[in-house]
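Let me begin by presenting the structure, written as structure tokens, before commenting on it.
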Amino acid sequence: MRRAMVILITLCVSPAYAQARKLPDAPAPKKTVIIANVAMWSASFVLADSTARGTRSCVNELSRISRLDNLYTSAGGGTRHPYKKTLVVALPLDAGVTALSMFLHRRRHLSLAVWLPGVSMGTQFGAAAVQYGSGCA
């Protein structure tokens, strides 16, 4: 069983490793950088939607158990616009990452120009997945 897992992990990682070894030599076209940044910006809206959905599920849960005094808190942006605070934090950070990514692309740090938005997108999608999974925590 252990040998099978090692073989499976090796087969899964080897293409990525081979491609990673080529990244510094292969120029990333501007289209790749733009796609990475667009995916990062869309992750911000997915994160905001997960915050809104979590807030809605909390409102529904609190209304079922008749604890209406907790409905109008500021957690998650409040119940009226629960996505606002998420976007207020995420969008300026995305703008900074996009600016840095374009700067790195101009300076020919092509791997980093794609890697930075990818890490930001992965972080935001991960946080959204946790919020979608937990519902009202």
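The values are calculated or read from the model by the stated rules, or taken from the named source; none is laboratory data. From a predicted model like this one, the values you see are computed outputs, not experimental measurements. Cβ coordinates were reconstructed from backbone atoms using ideal geometry, including for glycine residues, and neighbour counts include every protein chain displayed.
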_Options ALA20, ALA52, ALA48, ALA43: the member that is within 20 Å of LEU116 (Cα to Cα), surrounded by 10 or more Cβ atoms within 10 Å (Cβ to Cβ), modelled with pLDDT of 55 or more and not basic (Lys, Arg)_ = ALA43
*Which residues, counting only those in the range 109-135, are in a loop (DSSP other than H, G, I, E, B) and touching a residue at least 12 places away in the same chain (Cβ under 8 Å)?*
GLY135
*What number of residues in the range 109-124 are over 14 Å from VAL38 (Cβ atoms) and β-branched (Val, Ile, Thr)?*
2
